[in-house]
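Below is one structure, written out as structure tokens; comments come after it.
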Amino acid sequence: MSTALFTHDDCLHHRTPPGHPEQVARMDSIKTALAAPGFEALDRREAPLCADEDILLCHPQSHLDAIIASEPKDGIRALDEDTHMSPGSVQAARRGVGGTMAAVDAVLSGDVTNAFVACRPPGHHAETETPMGFCLFGNAAIAARHAMERHGLSRVAVVDFDVHHGNGTQALLWNESRVTFFSSHQHPLWPGTGFPEETGAANNIHNIQFAPETNGATMRAAYEAEVFPVIERVKPELIILSAGFDAHADDPLAQLNWAIEDFVWLTEKFCALAEKHCNRRLVSTLEGGYDLTALAESVAAHVGVLLEKGA
Ligand SMILES: [Zn+2]
């Protein structure tokens, strides 16, 4: 058994304006990090394109149509002050959805133990009918619904440790009682949502807020108190991680002070929970992380644990 890496060069064709933090160079730094010695055992695969009906698992046709219509023929178009599209953006976003779904297929078929999806644009801020926060389609939420609708799972956990609230995933899964969704994030911070009182239609949403400058020790205590016991109770059949690395101390978009070893700790904990409840089945999909060095080091450490636990 092994760890799969799903990625695709189409994700280099989604361009944002100069100086934008969600930049093509993020893919290059991850690619370089995972080409280093120690990652030879990765089962490297192309992230496939998703079909329209996959996106429709979570978004209405009107959203898909609007995104397709918004793609410019040349240059870069702003959908809002943060979110942009260029020629190739739809194709790149379809790789993110398709890659995360293919990762679910690979772990549920027993083909690999776990998988990491390195695609961009990210997905966790895309709401039902609203692209936002660099995101067009909800990769993690669509993959969760794919696992239930196409593979017959009835309990999935989605854990979003990106420093920003996973408002899009929350919106897409608000009424989905089969999914337990956790988002931990800095507060106050954009997008400003993600209060503990936001619990979903079936008490299936869990929001954990961290004050600026919160360190890894506080994060670990919160996960021990508020996340792991719920997962132990729910006993999911699959764990999907919305893996954003922008809680790193060096990240320019937020003020949390997590270190590489905190991402290692989180990854080890979720691998252990997956081993106990999910036959080791875990899918991790890239969200944020905007300091290129911290991102590369964090992804390398995260995937290193996946490889170790997936062997
Ligand atoms: Zn983020």
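The values are calculated or read from the model by the stated rules, or taken from the named source; none is laboratory data. Predicted, not measured: the structure shown is a model, and the values here were computed from it. Cβ: placed from backbone, ideal geometry, glycine included. Neighbour counts: every protein chain shown.
Only one of the listed residues (Asn207, Asn203) is of a type in the set (S, T, N, Q), over 16 Å from Cys58 (Cβ atoms) and more than 16 Å from the ligand (Cβ to nearest atom). That residue is Asn203. Across segment 282-300, the qualifying residues are those that are over 16 Å from the mean Cα position of the chain (by Cα) and more than 16 Å from the ligand (Cβ to nearest atom), and the one among them that is surrounded by the most Cβ atoms within 10 Å (Cβ to Cβ) is Glu297.
Just one of the numbered conditions (1) within 12 Å of the ligand (Cβ to nearest atom); (2) of a type in the set (Asp, Glu); (3) closer than 21 Å to Ile67 by Cβ is not true of Glu127: (1). Against the test of being over 12 Å from the mean Cα position of the chain (by Cα), of a type in the set (Asp, Glu) and over 19 Å from Arg281 (Cβ atoms), the options Glu129, Glu149 yield a single qualifying residue, Glu129.
Only one of the numbered conditions (1) over 26 Å from Pro191 (Cα atoms); (2) crowded, with 23+ Cβ neighbours inside 10 Å is violated by Phe116, and that is (1).
Within 16 Å of the ligand (Cβ to nearest atom), out of contact with any Leu (no Cβ under 7 Å at 6 or more places or on another chain) and in a helix (DSSP H, G or I): is that true of Gly96 in this structure? Considered against the rule, which asks whether it is within 16 Å of the ligand (Cβ to nearest atom), out of contact with any Leu (no Cβ under 7 Å at 6 or more places or on another chain) and in a helix (DSSP H, G or I), Gly96 comes out as yes. Filtering segment 251-260 to residues that are away from the ligand (no atom under 14 Å from the Cβ), under 14 Å from Thr293 (Cα atoms) and more than 18 Å from the chain's Cα centre (by Cα) leaves only Ala259.
Residue-wise test of (1) in contact with a Lys or Arg (Cβ under 8 Å, 6 or more places away or on another chain); (2) in contact (Cβ under 8 Å) with a residue 40 or more places away in the chain; (3) assigned to a loop (DSSP other than H, G, I, E, B).
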| residue | (1), (2), (3) |
| --- | --- |
| Arg26 | yes, yes, no |
| Ser29 | no, yes, no |
| Gly38 | no, yes, yes |
| Asp54 | no, yes, no |
| Pro72 | no, no, yes |
| Glu81 | no, no, yes |
| Val90 | no, yes, no |
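The residue list Thr214, Thr267, Thr218, Thr293 contains one member that is at pLDDT 95 or above, closer than 24 Å to Gly110 by Cα and either in contact with a Lys or Arg (Cβ under 6 Å, 6 or more places away or on another chain) or not basic (Lys, Arg) (or both), which is Thr267. Those helices (runs of 4 or more DSSP H) of segment 182-285 in which 2 or more residues are in contact with a strand residue (DSSP E or B) (Cβ under 7 Å, 6 or more places away or on another chain) and among the small types (Gly, Ala, Ser) occupy 216-222.
Take the conditions over 20 Å from the mean Cα position of the chain (by Cα), more than 29 Å from Ala106 (Cβ to Cβ) and not acidic (Asp, Glu) and apply them to Ala202. Does it pass? Considered against the rule, which asks whether it is over 20 Å from the mean Cα position of the chain (by Cα), more than 29 Å from Ala106 (Cβ to Cβ) and not acidic (Asp, Glu), Ala202 comes out as no. Residues being part of a loop (DSSP other than H, G, I, E, B), surrounded by fewer than 15 Cβ atoms within 10 Å (Cβ to Cβ) and more than 13 Å from the ligand (Cβ to nearest atom) are represented in segment 159-181 by at least one member. Within segment 12-37, being more than 30 Å from Ser70 (Cβ to Cβ) and touching a Leu at 6+ places or on another chain (Cβ under 8 Å) holds for one residue alone: Leu34.
Looking only at residues that are farther than 16 Å from Gly289 by Cα and within 16 Å of the ligand (Cβ to nearest atom) in segment 214-248, which one is farthest from the chain's Cα centre (by Cα)? Residue satisfying both the conditions and the ranking: Thr214. Within segment 137-181, the set of residues being of a type in the set (A, V, I, L, M, F, W, C), closer than 14 Å to Ile55 by Cβ and touching a His at 6+ places or on another chain (Cβ under 7 Å) comprises Phe137, Ala140.
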